[in-house]
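Asks: Sharing a structure here in structure tokens format.
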Ligand code: PMP
């Protein structure tokens, strides 16, 4: 069981906002002092560039930056050279898709789903428009889940890329990604996994999954903003052209010719996100030391408690009662989520209102927008109580019941 009281002491925001009810971790998590401290240490004690400096401070910064890559590799059970630091999940997924622009033809097919965040489906929509490759959608089941059976129906000998979310940011469901990867590989397709919502909640072993590419962001798992990861199988990364050109990514440069370094460096042109990588590594150590079993149990308990209490509230509609990862997506009947959101804001309850950058699933739910509350390691049952009271107040205020 998590000692939430102790965990909350790690998050300085609660010192200045004692009555804060933060239920928007799926958008971005709060940041613990352990992460803030290492970022502060880099800026106050080092603050210099990596790789190129021939002096002690730069060696030290380089060591911290590259050992952060080791930490990420260990976190994912990947190899050091398979970890590319990026700006975040969006940048990682776009990097892969961009490099497939010249690898696809109208003979090829791409499989994605309506459950995707825009950053997982839009890059492939773009590739499909540019190359005429056919974009196919896995049909969701009645709950809105991706199933292996539905995936089999769209998989074909022409499938070249499968781009799917591991955990949906609207529904909180876990995709049976391992089975999907195995099936896709039988057809020679590669699988790009959006793990932005999975990485904060579950142990990811890219080797056991046999994923070809996998992306996540630092800021959703207690790390800094502006840093993320693209994992890619080494041979696949080295087959990809860089999409940014500049310092530190080339092997040799002449006036009319240049060669690129091997991955990961060919994809890290320019001064990298040094403090971000250092902070991310500390964040991964932080959540690993808490343990994914404990995180899952805590989040699930809060989720089930919230659903149990919300089921007694008349005038709301919950869209994902069986979610595994602490996401409650709902609406107050006949009330626009942005109107309802004003009540939550007044009560210092931070939740999300909108389409959550996932319009296809919002449309699938036959909504224009939804409200979303998400739970993480620093949330308590008292947070859930305040949240549910706010839901009741919104129902009363807007006269839904
Ligand atoms: N995929 C999913 C499932 C997400 O929830 C998010 C963030 N909401 C992203 C991708 C994009 O992440 P980022 O904004 O950090 O690039």
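Asks: Output the Kirkwood hydrodynamic radius of the stretch 1-107, Cα pairs only, in Å rounded to one decimal. Write out the running numbers ahead of the final one.
Replies: Numbers: mean 1/r = 0.0567 Å⁻¹.
It works out to 17.6 Å.
Asks: Rounded to the nearest 0.05, what FRET efficiency do residue 396 and residue 322 have when you use their Cβ-Cβ distance and R0 = 22 Å?
Replies: Numbers: r = 28 Å, r/R0 = 1.26.
After rounding, the FRET efficiency stands at 0.20.
Asks: I'd like the distance between the alpha-carbon centres of the stretch 114-163 and the stretch 311-379, rounded to an integer number of Å.
Replies: The two parts, judged by their Cα centres, are 25 Å apart.
Asks: Full extension from residue 207 to residue 36: what is 0.36 nm times the residue separation minus their Cα-Cα distance, to one decimal in nm?
Replies: Values: separation 171, 0.36 × 171 = 61.56 nm, distance 3.08 nm.
Additional length available on full extension: 58.5 nm.
Asks: Using 0.36 nm per residue of separation minus the Cα-Cα distance, give me the extension gain between residue 294 and residue 67 in nm, one decimal.
Replies: Taking 0.36 nm per residue and subtracting the Cα distance, the gain is 79.1 nm.
Asks: To continue, here is another question. Most exposed first by the Cβ proxy, i.e. fewest other Cβ within 10 Å, how do 8, 282, 234 rank? Show your work: numbers first, answer last.
Replies: Working: 8 18, 282 23, 234 15.
So the ranking, lowest neighbour count to highest, is 234, 8, 282.
Asks: Taking 0.36 nm per residue of sequence separation and subtracting the Cα-Cα distance, how much length would be gained by fully extending the chain between residue 55 and residue 139, in nm to one decimal?
Replies: Details: separation 84, 0.36 × 84 = 30.24 nm, distance 5.68 nm.
The residue 55-residue 139 span can extend by a further 24.6 nm.
Asks: Apply 1/(1 + (r/R0)^6) to the Cβ-Cβ distance of residue 157 and residue 238, taking R0 = 30 Å, and write down the FRET efficiency to the nearest 0.05. Walk me through the numbers before you get to the answer.
Replies: Values: r = 26 Å, r/R0 = 0.87.
Here the calculated transfer efficiency is 0.70.
Asks: Eigenvalues of the Cα gyration tensor times 5, then square-rooted: what semi-axes does that give for the stretch 35-288, in whole angstrom, largest first? Write out the running numbers ahead of the final one.
Replies: Values: eigenvalues 210, 99, 37 Å².
Output for the stretch 35-288: semi-axes of 32, 22, 14 Å.
Asks: Can you give the FRET efficiency to the nearest 0.05 for residue 250 and residue 312, using r as the Cβ-Cβ distance and R₀ = 60 Å?
Replies: 0.45
Asks: What value, in deg cm²/dmol to 500, does the helix sum -39500 (n - 2.57) over DSSP H runs of n ≥ 4 give at 222 nm once divided by the residues of the chain?
Replies: Values: 15 runs with 161 residues, N = 401.
After summing the helix terms and dividing by the residues of the chain, the value is -12000 deg cm²/dmol.
Asks: I've got another one for you. Just to be sure I understand: if I project the alpha-carbon convex hull of the stretch 318-401 onto a plane and average over all orientations, what area do I get in nm²? Write down the numbers at each step before the final one.
Replies: Working: hull surface 22.4 nm².
With the hull built on Cα positions only, its mean projection is 5.6 nm².
Asks: Moving to a separate point now. Take peptides 182-193, 204-215 and line them up by average Cβ neighbours within 10 Å, highest first, as a rough protection proxy. Walk me through the numbers before you get to the answer.
Replies: Values: 182-193: 18.3, 204-215: 20.6.
Order by mean packing, descending: 204-215, 182-193.
Asks: Could you state, as a whole-number percent, how many of the C-alpha pairs of the stretch 248-401 are farther apart than 25 Å?
Replies: Working: 5690 of 11781 pairs.
More than 25 Å apart: 48 percent of the Cα pairs in the stretch 248-401.
Each value in this text was obtained by applying a stated rule to the coordinates, not by laboratory testing. All values reported here derive from a predicted model rather than from experimental measurement. With ideal geometry, Cβ positions are generated from the backbone for all residues, glycine too; neighbour counts draw on all protein chains shown.
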